[in-house]
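Student: Structure below; questions to follow.
The values are calculated or read from the model by the stated rules, or taken from the named source; none is laboratory data. Every value quoted in this text rests on a predicted model; they were computed, and no experiment measured them. For neighbour counting, all protein chains shown are included, and Cβ atoms are generated from backbone atoms with ideal geometry for every residue, glycine included. What goes into the accessible areas is simple: the full protein's heavy atoms, side chains included, and nothing from ligands, DNA or RNA. Shrake-Rupley method; radii C 1.70, N 1.55, O 1.52, S 1.80 Å.
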Amino acid sequence: LGPCDDGRIKPDLVANGVSVYSTGSASNTSYLGGTQWSGTSMASPNALGSAVLIEQLYAREFSGQRMRASTLKSLLIHTAD
């Protein structure tokens, strides 16, 4: 990670992946048996879930149109906190 050969900073976007509460194997209908997990297995769904919600809102507001990937990437990066 870090700067690329052309000077860009990587990674472009990161998401929380530390101590994320998730479901466990005790039930497939509730968080019963859930626990906290860490790592990319928690960060990736976190980032993707946010992206999908933005896509869904865009489609609702613009009559089912799909957002360009570059627009979604820009929105995610420039509104990250």
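Student: Residues in segment 4-27: is at least one in contact with a helix residue (DSSP H, G or I) (Cβ under 8 Å, 6 or more places away or on another chain), open to solvent by 80 Å² or more (accessible area, probe 1.4 Å), outside any helix (DSSP H, G or I) and of a type in the set (Lys, Arg)?
Tutor: Among the residues of segment 4-27, not one is in contact with a helix residue (DSSP H, G or I) (Cβ under 8 Å, 6 or more places away or on another chain), open to solvent by 80 Å² or more (accessible area, probe 1.4 Å), outside any helix (DSSP H, G or I) and of a type in the set (Lys, Arg), which makes the answer no.
Student: Can you find a residue that is of a type in the set (Ser, Thr, Tyr) and under 11 Å from the mean Cα position of the chain (by Cα) anywhere in segment 43-53?
Tutor: Scanning segment 43-53 turns up at least one residue that is of a type in the set (Ser, Thr, Tyr) and under 11 Å from the mean Cα position of the chain (by Cα).
Student: Restrict the check to segment 32-50 and report whether at least one residue is assigned to a loop (DSSP other than H, G, I, E, B) and open to solvent by 100 Å² or more (accessible area, probe 1.4 Å).
Tutor: Yes, segment 32-50 contains a residue that is assigned to a loop (DSSP other than H, G, I, E, B) and open to solvent by 100 Å² or more (accessible area, probe 1.4 Å).
Student: Which of the residues belonging to segment 61-81 are in a loop (DSSP other than H, G, I, E, B), of a type in the set (Ser, Thr, Tyr) and closer than 17 Å to Gly49 by Cα?
Tutor: Thr79, the sole residue that qualifies.
Student: Collect the residues in segment 46-75 that are of a type outside the set (Ser, Thr, Tyr) and within 16 Å of Asp12 (Cα to Cα), keeping them in residue-number order.
Tutor: Asn46, Ala47, Leu48, Ala51, Ala69, Leu72, Lys73, Leu75
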